[in-house]
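The values are calculated or read from the model by the stated rules, or taken from the named source; none is laboratory data. Everything numeric here is computed off the predicted structure, so don't read it as measured data. Cβ sites come from the backbone with ideal geometry, for glycine too, and all protein chains shown count toward neighbours. In case anyone asks, the SASA skips ligands and DNA or RNA and just uses the protein heavy atoms, side chains included. Shrake-Rupley method; radii C 1.70, N 1.55, O 1.52, S 1.80 Å.
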Amino acid sequence: AQSVTQLDSQVPVFEEAPVELRCNYSSSVSVYLFWYVQYPNQGLQLLLKYLSGSTLVKGINGFEAEFNKSQTSFHLRKPSVHISDTAEYFCAVSSYGGSQGNLIFGKGTKLSVKP
Amino acid sequence: DTGVSQDPRHKITKRGQNVTFRCDPISEHNRLYWYRQTLGQGPEFLTYFQNEAQLEKSRLLSDRFSAERPKGSFSTLEIQRTEQGDSAMYLCASNLGQNYGYTFGSGTRLTVV
């Protein structure tokens, strides 16, 4: 079975500062990894995904994430945040070739960008 | 195509009533998923369809829950005899396969009073 741990429930940061949202996963098989963003009262929007290949993945809105297999991590980073980045961010994992429907989410990290 | 559509956006119902939600996926997507999200939690998988076949159901999907996708296009999720614990955001997603990522709708927020 897979699991996802997002180490910080809330991350406050000032505008134009860098940010890292941490995600660790547990799985006995190869995985696909995803980061989603959720704005209030909306669904989830895909930021980026790791399927295979290069461990550094670039996504939308200037976000990137790095897959580290040895540390089973997939941390999300942005070098300079904007007020509009205030939202909740979810890390998710699905097992390659496993349960096709079961995308496992972490509990989320609320990013609050202050002026 | 404008993405995954869910209807209604909000539903308030009295305990014990039945409710039905609808999801219209992206037209070429053959896979459709239902998730439930409660306050302060990440979404939890409920069930998924490939075309019209329901291939997987979570243990969270009690006997009061039923989902259908009769023609392999839109899907409905029905909750019978609603309970206060059913209050949540119900999210629908679709894709062409696991490695394509999941496109989510805006969700249906259910409040059981």
Carbon plus sulfur, as percent of the 1.4 Å-probe accessible area of chain A, comes to 50 percent
Probe 1.4 Å, heavy atoms of protein chains only: per residue, the accessible area of chain B in Å² is 49 Å²
Taking DSSP loops as anything outside H, G, I, E and B, show the longest stretch in chain A free of trypsin sites (Lys or Arg not before Pro) there with at most 14 other beta carbons within 10 Å. A:1-68
Which whole-angstrom value gives the distance between the alpha carbon centres of segment B:13-32 and segment A:1-52? 26 Å
With every protein chain present, what accessible area does B:ASP24 have (1.4 Å probe, heavy atoms only), rounded to the nearest 10 Å²? 50 Å²
Point-to-point label distance, A:LYS110-B:SER27, nm (Cα→Cβ direction, 7 Å offset): 4.0 nm
How about segment B:71-113: which trypsin sites (Lys or Arg not before Pro) there lie in a loop by DSSP and see at most 15 other Cβ atoms within 10 Å? B:LYS71, B:ARG81
Could you report the buried accessible area between A and B, both sides summed, computed with a 1.4 Å probe and given in Å² to the nearest 100? 1800 Å²
Quick one: pull the percentage of alpha-carbon pairs in the protein assembly as shown with a separation above 24 Å. 44 percent
So if I take the alpha carbon set of chain B, get Rg, then get Rh from the Kirkwood formula, what is the Rg over Rh ratio? 0.95
Please name the residues of segment A:10-47 whose accessible area, counted over protein heavy atoms with a 1.4 angstrom probe, falls by no less than 10 Å² between the chain alone and the full protein assembly. A:TYR32, A:PHE34, A:TYR36, A:GLN38, A:ASN41, A:GLN42, A:GLY43, A:LEU44, A:LEU46
Base-10 log of normalised Debye intensity for chain A (one unit scatterer per alpha-carbon) at q = 0.15, 0.21 Å⁻¹: -0.60, -1.15
With all protein chains present, how much of the accessible area of chain B (probe radius 1.4 Å) comes from carbon and sulfur, to the nearest whole percent? 42 percent
